[in-house]
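> Let me give you the structure first, and then I'll get to my questions.
The values are calculated or read from the model by the stated rules, or taken from the named source; none is laboratory data. All figures in this text were calculated on a predicted structure; none of them were measured in a lab. Cβ placement follows ideal geometry from the backbone for every residue including glycine, while neighbour counts extend to all protein chains displayed. Remember, those area values only see protein heavy atoms, side chains included, never the ligands or the DNA or RNA. Shrake-Rupley method; radii C 1.70, N 1.55, O 1.52, S 1.80 Å.
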Amino acid sequence: MPPSQIEHLHLRRGDISLHLACLGEGPLVVMCHGYPGLWYSWRHQMWALAEAGYRTVALDMRGYGASSRPREVEAYGFDQLSGDVLAVLDYFDASQAILLGHDFGANLAWHMAVYYPEHLRGVAPLCVPYDMALAGGSDILPSELFAAIAQQHFFHMHYYQQPGVAEAHTRGREREFLERLFWALSARGELLNWETFPSEGTHYFDVLAPPAEPLPWGWLSCEDMAYYCEQYLAAEPDLTFIGGINSYRAMDYNWRLTRDRAHADVHLPVLWVGGEEDPVVKLAGDEPFAHMRTRVKDLRGPTLLPGAGHFIQQEQPALLNDLLLAFLASL
């Protein structure tokens, strides 16, 4: 994609500045990434959807890239993130949009499908099933659930609850962490069996196998990795990964925020796509998919893409784009 064709805007919402990457004209499609991600994670989808006649807007979510990185955990609650998306709609004078989300962005898409359906024509939450227990759909406070698991073995969601720990462990090793995380969660990578690691003294690095081969990996070039590193490091050290870290720490806040509509039915059209080799999908097991089929009344899928791990937009862009374009056309 020629970089000069992408328009970069900054939207002000109170004390928060949101960086938007925009391409194309037509019905609005808003794209929300997860961790580790940036607007750049949607680069392949922006081009395909813009060519098909859509205005694509990919955010650097708050806490990432060129957007503001607030320190407060509550700043990453669904109420604040939903407000960011609604501000994008207001900016483009759109009463409705189609919302694509990946990873934590998928959690947000599910939330908005329940709480703000009047503003959406459809949603595509990628890689995270609806109401997945470990994403906050449990009837137990998430931090208590994570702590119970951590009594048995290392669990990354519990690890991220501890203030300052993850920040300290990645300082000075940011590129290594990104490479390990991208590799381990990809189709060819390896997330080591964390059930063999005790919680005490284990860092997330320890369960992420080093890449088995140097970059490029086909789906991720040296230039791509350089951009991710540049954007993540464009902040003071304690804020490098604050978007992802605080999304884990905000899970109790979000749980309390959404108890009034826990397990609610979703009536919007929903496209669900994941990767066959995604550790998140494997971690979910069968129960969330059965629950999703029951609660999501207009579910397209679920579809698992071959040759894709967690980063399906980048690992299998052509396959995903075909599904997205068919979904958008149906709306």
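> In the range 142-196, what count of residues is obtained for those that are more than 26 Å from G275 (Cα to Cα), basic (K, R) and either open to solvent by less than 20 Å² (accessible area, probe 1.4 Å) or in a helix (DSSP H, G or I) (or both)?
The qualifying residues number 0.
> Here's another thing I want to ask about it. Looking at (1) in contact with a strand residue (DSSP E or B) (Cβ under 6 Å, 6 or more places away or on another chain); (2) assigned to a helix (DSSP H, G or I); (3) open to solvent by 10 Å² or more (accessible area, probe 1.4 Å); (4) among the aliphatic types (A, V, I, L, M), can you tell me which one L89 breaks?
Against the list (1) in contact with a strand residue (DSSP E or B) (Cβ under 6 Å, 6 or more places away or on another chain); (2) assigned to a helix (DSSP H, G or I); (3) open to solvent by 10 Å² or more (accessible area, probe 1.4 Å); (4) among the aliphatic types (A, V, I, L, M), L89 comes up short only on (3).
> Kindly indicate whether A113 is farther than 30 Å from L304 by Cα and modelled with pLDDT of 95 or more. Please lay out each step first, then the result.
Values: farther than 30 Å from L304 by Cα: no; modelled with pLDDT of 95 or more: yes.
Answer is no for this residue.
> Looking at (1) open to solvent by 40 Å² or more (accessible area, probe 1.4 Å); (2) farther than 23 Å from F289 by Cβ; (3) in contact with a helix residue (DSSP H, G or I) (Cβ under 6 Å, 6 or more places away or on another chain), can you tell me which one A212 breaks?
So the condition that A212 fails would be (3).
> For the range 260-310, what are the residues that are hydrophobic (A, V, I, L, M, F, W, C) and touching a His at 6+ places or on another chain (Cβ under 6 Å)?
Result: V280, single match.
> What pairs can you find where one residue is in the range 5-31 and of a type in the set (G, A, S), the other is not in a loop (DSSP other than H, G, I, E, B), and their Cβ atoms are less than 6 Å apart, with a gap of 6+ or different chains?
S17/H10; A21/H8; A21/W39; A21/A58; G24/A50; G24/R55; G24/T56; G26/R55
> Somewhere in the range 225-239, is a residue within 19 Å of the chain's Cα centre (by Cα), open to solvent by less than 20 Å² (accessible area, probe 1.4 Å) and among the polar types (S, T, N, Q)?
No, there is no match, as no residue in the range 225-239 is within 19 Å of the chain's Cα centre (by Cα), open to solvent by less than 20 Å² (accessible area, probe 1.4 Å) and among the polar types (S, T, N, Q).
> Okay, next question. If W217 passes every condition in (1) under 28 Å from A75 (Cα atoms); (2) crowded, with 17+ Cβ neighbours inside 10 Å but one, which one does it miss?
Unmet for W217, out of (1) under 28 Å from A75 (Cα atoms); (2) crowded, with 17+ Cβ neighbours inside 10 Å: (1).
> Scan A209, A250, A235 and give me the residue that is among the hydrophobic types (A, V, I, L, M, F, W, C), at pLDDT below 95 and out of contact with any strand residue (DSSP E or B) (no Cβ under 8 Å at 6 or more places or on another chain). Working first, answer last.
Numbers: A209 fails: out of contact with any strand residue (DSSP E or B) (no Cβ under 8 Å at 6 or more places or on another chain); A250 fails: at pLDDT below 95.
Going through A209, A250, A235 in turn, just one is among the hydrophobic types (A, V, I, L, M, F, W, C), at pLDDT below 95 and out of contact with any strand residue (DSSP E or B) (no Cβ under 8 Å at 6 or more places or on another chain): A235.
> Looking at (1) more than 19 Å from S82 (Cα to Cα); (2) in a helix (DSSP H, G or I); (3) out of contact with any His (no Cβ under 7 Å at 6 or more places or on another chain), find the lone condition where G243 falls short.
(1)
> Still on this model: Exactly one of these conditions fails for E190: (1) touching a helix residue (DSSP H, G or I) at 6+ places or on another chain (Cβ under 7 Å); (2) in contact (Cβ under 8 Å) with a residue 24 or more places away in the chain; (3) not hydrophobic (A, V, I, L, M, F, W, C). Give me its number.
(2)
> Tell me, which helices (runs of 4 or more DSSP H) wholly within the range 263-323 include 2 or more residues that are surrounded by fewer than 16 Cβ atoms within 10 Å (Cβ to Cβ) and charged (D, E, K, R)?
Counting at least 2 such residues, we get 287-295.
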